[in-house]
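J.: Questions regarding the structure given below will be posed in turn.
The values are calculated or read from the model by the stated rules, or taken from the named source; none is laboratory data. Only a predicted model underlies this, so the values are computations on that prediction, with no experimental measurement involved. Reconstructed Cβ throughout: ideal geometry from the backbone, glycine too, with neighbour counts over all protein chains shown. The area values use the complete protein model at the heavy-atom level, side chains included, leaving out ligands, DNA and RNA. Shrake-Rupley method; radii C 1.70, N 1.55, O 1.52, S 1.80 Å.
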Amino acid sequence: MSVPRCVACGCWRAYDLKTCGCAYWAQRALERAEGRRCRECSTLLPEDHGYSRCDPCHAARSDRDFEYRRRSSAARFPAGVRRLLVVRVAAGEHLTDVCADLGATQQQVHGYKTYSAEWAEALDQALMAGRDPKLDHGSMNAYRHGRCRCPECREYKLNHDGWWRRPGRITRQRATAR
């Protein structure tokens, strides 16, 4: 006499059970999660929050996520450090040197502009006030060799082809793809 297989998963089961233990626990998990499904896409919701990855859930949580990232960024880059940075940059020191002295990264400095328009304006004014008058601003030379990060030099780097965007330049991705 052969042992019957489980109708749910196909594994061997005991005679007195309709389904095996694994099917039982899978069914229990589905029953527990039934109330935790997204109304739009009907996917299971995570335990820590009530949003899935569908478009309506993403739109519903975007403000909350933005506020969380803003608070987190403000905690990593406090107001006292921001004030010192603006004063020293306006006095004519290079942004990279000031960041190194204060223990901040340039990614923190420029990334915080996403969350605070006042900070973006204050930083740009300080960079304009403290920039070197001997440099030809708005050129690759000023950005690369003069280490100027004023709005004009940043704009030039973003919008013009230079050594970093030269066509035919072998990058790490292309070199390893061969």
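J.: Tell me the carbon and sulfur percent of the accessible area for the range 107-164, rounded to whole percent, probe radius 1.4 Å.
T.: Values: 1650 of 3430 Å².
Whole-percent figure for carbon plus sulfur exposure: 48.
J.: With label points built 7 Å along Cα→Cβ from the Cα atoms of Arg70 and Asn159, find their separation and express it in nm.
T.: 2.9 nm
J.: Ala91 to Arg39: FRET efficiency via 1/(1 + (r/R0)^6), r the Cβ-Cβ distance, R0 41 Å, to the nearest 0.05? Mind showing how you got there, number by number?
T.: Working: r = 56 Å, r/R0 = 1.38.
The pair Ala91/Arg39 has a calculated efficiency of 0.15.
J.: Still on this structure: For the range 79-88, just list the computed ³J(HN,Hα) in residue order, Karplus coefficients 6.51, -1.76 and 1.60, θ = phi - 60°, integers in Hz, with x standing in for Gly and Pro.
T.: With the stated coefficients, the range 79-88 comes to 5, x, 5, 4, 5, 4, 4, 5, 5, 6 Hz.
J.: Could you rank the peptides 68-78, 145-155 by their average count of other C-beta atoms within 10 Å per residue, with the highest value first? Write out the running numbers ahead of the final one.
T.: Values: 68-78: 12.9, 145-155: 18.1.
Going from most to least packed, we get 145-155, 68-78.
J.: According to the Kirkwood expression over distinct Cα-Cα pairs, how big is the hydrodynamic radius of the range 81-157, in Å? Present the calculation step by step, with values, prior to reporting the outcome.
T.: Details: mean 1/r = 0.0808 Å⁻¹.
Radius from the Kirkwood sum: 12.4 Å.
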